[in-house]
Amino acid sequence: MKLLNKWPDYYKKDVATHYCPGCGHGIVHRIVAELMEEMDLGRRAICVNPAGCAVLAYKYFDIDMIESAHGRGTAIATGVKRVKPELFVFTYQGDGDLSAIGTAETIHSANRGEHITVIFINNAVYGMTGGQMAPTTLVGQRTTTTPGGRNPKFDGFPLHITDVIAKFPGVIYAERVAVNGPAGIQRTKRAIRNAFQVQVDGLGYSIVEVLSPCPTNWKMTPEDSFKWITEVMAKEFVPGVLTDKRGGGD
Amino acid sequence: MNKVFMSGNHTFGEAAIRAGCRSYFGYPITPQNELGEYMSEHLPANGGVFVQSESETAAINMVIGAAATGTRVMTSSSSPGISLKQEGISFLAGFQLPAVIVNVMRGGPGLGNIAPAQGDYFQATRGGGHGDYRTPVFAPGSVQEVADLTRVAFDVADRYRTPVMVLGDGMLGQMKEPVVFPEPISDFPEKEWALKGRGDGPSRYMASLILDPMEMERHNWELVRKYQVIAKNETRYEEYMLDDAKIVAVAYGTTARIAKAAIKRVRKEGVPAGLLRPITLWPFPKEPLQNLARRIEDFVVFEMSTGQMLEDVLLSLEGKARVAFHGRPGGVVPTPVEFARVLYREYQRQMRVNNETA
Amino acid sequence: MARKKHRVVVKSELCKGCDLCIVYCKKGVLASSEDLNKAGYHYASPDDSKECTGCMVCVLVCPEVAIEVYGE
């Protein structure tokens, strides 16, 4: 018998990750590494990783990477891509990085239509720092800074940042997907491939928002986390293609 | 190039382009808007990249991205905007990335005003950002020096892999003077540390994160050794009429020019005054000051602030001489007459003290 | 019993016992082991008596790239 699935080339071999059991990062990391190989991007890729659980992503991805201050990934990616447009530049960011402290950079890099790709991991909570409220936390969701559940009167509503930027003319492709089972994972890979292809084809900015499980801070099993995404989170953040201007219109 | 008549702000831009800078990221703020505007016109014409960012914070991070690829890159702002860049400057220092940051100072703190001041000395020389690092700081005193020191700033940044600040003020930025620019350069040795995609080689991570404290300590001391080399090689200052001086003014930038005019005035009244003008604020010219203190009893520090470089002068002199201070903060530009009165008064005091102890 | 066409191998030291592969395997090939790996997890372990079809869903859902599927 021969091995049917090989270890992805651009993923450091047999390194045990620091991510929690059932965390969505591992699945999306693997998808990205596979696409680096399938689309032959790994040799010219620069990934800008966030402050968040994925601050240690450099231990796993076997491509050139740049650390970023919290939220600044899309500004750093802009600097790289503008001076070296032949490089393949993408950010990998969490919900705090991208839609709290990094909101201005996220909106303006999209508004300028920078030729970068953004992978937005949305787990509705601040994972690395122990489970505080995120901009995408759902109404009623308990976190360490909303112990009584998110109350719109004081805490506002979940922020649909991807929907906002999808309307910008320079945002060529925006899709929301969910890591909530085999079908969702397949769809996630297809979406990220589409988004990467937008940059390869020189069309402009692309973003994929991935609803991702955080069993530890949601206080659920991995299996129940997948269910919670399907039954609860995806009702607020509805998966689907938010914009597709690849044909020239939308 | 022949002599041209140009503003300080425009000169920063032209000097940067001639130094091979091919990327600029910045946000408008008075009194340095003309620098960004100059870059928006001339950088793309020279095959470079100009981006007006959404904030000074975004700009310094775009600088990080560009610098990581080995490109000569510049940003500029004025006092409040430089506050916004502090995190990014700390990161540049931690990453050991070269970049040039221009601060055209204005009145502060807070929103302040748009008039010239020197209130950001502490911010520039004492870190400003978090962590154990120093930033070389150049303080031009004329538009010609803006042209000359901007080139030096890029060279020092590349040579030592460090962010470098060029500290001007609103007066210097706005005024026009004759300038002769050096010839443009654009060929630089390759930077093996720069990121360009791993190609067939191992992947690399450009980082300032070092979780292991022992490793972090090692990195911190490595940076200190670098700063010691910079202090040894790159300290710059000007000596003006010091040979027979009995009282020495210490001032930098625009204030130094006013001090020189004051010195010319009081010399006519028989006051043997001179000036030590720091050109690098960090590394600070401690040694020349200490040497002077062997024979000079009185120093007068002039600043357009409430007294920031004053502390470095006191630290350098270690109590070996009397230090007086005269400052005008808030955007007020002092006059030569005002400085002359101070020098005269301090010299009279010195003569009285010496006669009494004679 | 027919000769096995597929075989699953779990790298037990990479596995974190998230059990997603166990949940999604339609043939019940994988089960939580009684033993603990060095990190303290009950790692997933293949039951060689079960019929793996090589569908690779376990590989798809595994966050640790800990599963290898062999086939003809």
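Here are some notes:
- With Cα atoms, 0 to 90° folded angle of helix B:8-18 axis to chain B main axis: 40 degrees
- Dipole magnitude for the range A:25-244: about 260 debye, using +1 per Lys or Arg Cβ and -1 per Asp or Glu Cβ, origin at the Cα centre.
- Eligible aspartates and glutamates near residue C:26 by straight Cα distance, threshold 12 Å, same-chain separation 8 or greater: C:51
- Å² of accessible area per residue within chain B, as computed with a 1.4 Å probe and no ligands counted: 40 Å²
- Charge sum, other residues only, whose C-beta stays under 15 Å from residue B:233's C-beta, Lys/Arg counted +1 and Asp/Glu -1: +4
- With the highest mean first, a sort of the peptides B:261-268, B:143-150 on other beta-carbon atoms found within 10 angstrom per residue produces B:143-150, B:261-268.
- Protein heavy-atom accessible area occluded, C/A pair - total, 1.4 Å probe, Å²: 2400 Å²
- Compared with the dominant principal axis of the Cα atoms in chain B, helix B:213-234 is inclined by about 50°.
- Alpha-carbon spread of the range A:13-123, three principal axes, descending order, Å: 38, 31, 18
- The calculated 222 nm mean residue ellipticity attributable to helices in the protein assembly as shown amounts to -11000 deg cm²/dmol, summing -39500 (n - 2.57) over DSSP H runs of n ≥ 4 and dividing by all residues.
- Remark: relative contact order (the range C:6-71) = 46 percent; criterion is Cα-Cα distance under 8 angstrom and separation of 6 or more residues.
- Taking the inverse of the mean 1/r over every pair of distinct Cα atoms in the range A:115-250 gives a Kirkwood hydrodynamic radius of 15.5 Å.
- Counting Cβ atoms of other protein chains within 10 Å of each Cβ in C:10-16 and taking the mean gives 3.
- Each semi-axis of the equivalent ellipsoid for chain A is √(5λ) with λ an eigenvalue of the Cα gyration tensor; in descending order they amount to 26, 22, 17 Å.
- Kirkwood radius for the range B:217-358, taken over all pairs of different Cα atoms as the inverse mean of 1/r, rounds to 15.8 Å.
- Within the shell defined by Cβ-Cβ distances under 14 Å, the residues around residue B:330 carry a net charge of -1, with Lys and Arg each +1 and Asp and Glu each -1.
- For chain B, alpha-carbon Rg relative to the globular expectation (2.2 N^0.38 Å, N residues): 1.03
- Percent of Cα pairs in the protein assembly as shown per distance bin of 10 Å, from zero to the largest separation: 3, 14, 21, 20, 16, 11, 7, 4, 2, 1, 0, 0.
- Hull volume per residue, based on the alpha-carbon atoms of the range A:101-146 and their convex hull, is 86 Å³.
- Burial of 20 Å² or greater, the range C:53-72 residues [accessible area, probe 1.4 Å, versus chain by itself]: C:56, C:59, C:60, C:61, C:63, C:64, C:65, C:68, C:69, C:70, C:71, C:72
- Compactness ratio for the range A:168-226: Cα radius of gyration over 2.2 N^0.38 Å (N = residue count) comes to 1.36.
- DSSP bridge orientation in the range A:25-244 - percent antiparallel, rounded to nearest 5: 20 percent
- Cα-based helix-to-principal-axis angle, B:253-268 vs chain B, degrees rounded to 10: 20 degrees
- Separation between Cα centres of the range B:70-96 and the range C:14-72, rounded to whole Å: 49 Å
- Considering only the protein assembly as shown, percent of DSSP beta bridges that pair antiparallel, nearest 5: 30 percent
- Accessible surface of chain B [probe 1.4 Å, protein heavy atoms]: carbon and sulfur percent: 52 percent
- For the range B:1-152, dividing the convex hull volume of the Cα atoms by the residue count gives 102 Å³ per residue.
- Cysteine residues of chain C whose Cβ has no partner cysteine Cβ closer than 4.7 Å: C:15, C:18, C:25, C:52, C:55, C:62.
- All Cα pairs of the range C:6-71, percent lying beyond 14 Å: 48 percent
- Between residue B:341 and residue B:269, the simple spin-label model (points 7 angstrom out along Cα→Cβ) gives 1.0 nm.
- Only Lys, Arg (+1) and Asp, Glu (-1) charged, at Cβ; the range C:6-71 dipole about Cα centre in debye: 160 debye
- Only helices reaching 20 angstrom along their own axis (Cα) with mean Kyte-Doolittle hydropathy no lower than -0.5 count here, and for the DSSP H runs of chain A these are A:24-38, A:182-200.
- Burial ranking of peptide ranges B:64-74, B:320-330 (average Cβ count within 10 Å, highest at the top): B:64-74, B:320-330
- Order of exposure, largest accessible area first, which applies to B:243, B:155, A:97 with probe 1.4 Å: B:243, B:155, A:97
- Cβ charges +1 (Lys, Arg) and -1 (Asp, Glu), total dipole of chain B, debye: 820 debye
- Normalising the average separation of contacting C-alpha pairs (under 8 angstrom, six or more residues apart) by the number of residues puts the relative contact order of chain B at 18 percent.
- Computed over the range A:25-244: relative contact order in percent, which uses C-alpha pairs under 8 Å that are six or more apart: 18 percent
- Between residue A:197 and residue A:157, residue separation times 0.36 nm minus the direct Cα-Cα distance comes to 11.1 nm.
The values are calculated or read from the model by the stated rules, or taken from the named source; none is laboratory data. The structure displayed is predicted, hence computed values, not measured ones. Please note: Cβ atoms are built from the backbone with ideal geometry, for glycine as well, and neighbour counts cover all protein chains shown. These accessible areas exclude ligands, DNA and RNA; they are computed on the full protein's heavy atoms, side chains included. Shrake-Rupley method; radii C 1.70, N 1.55, O 1.52, S 1.80 Å.
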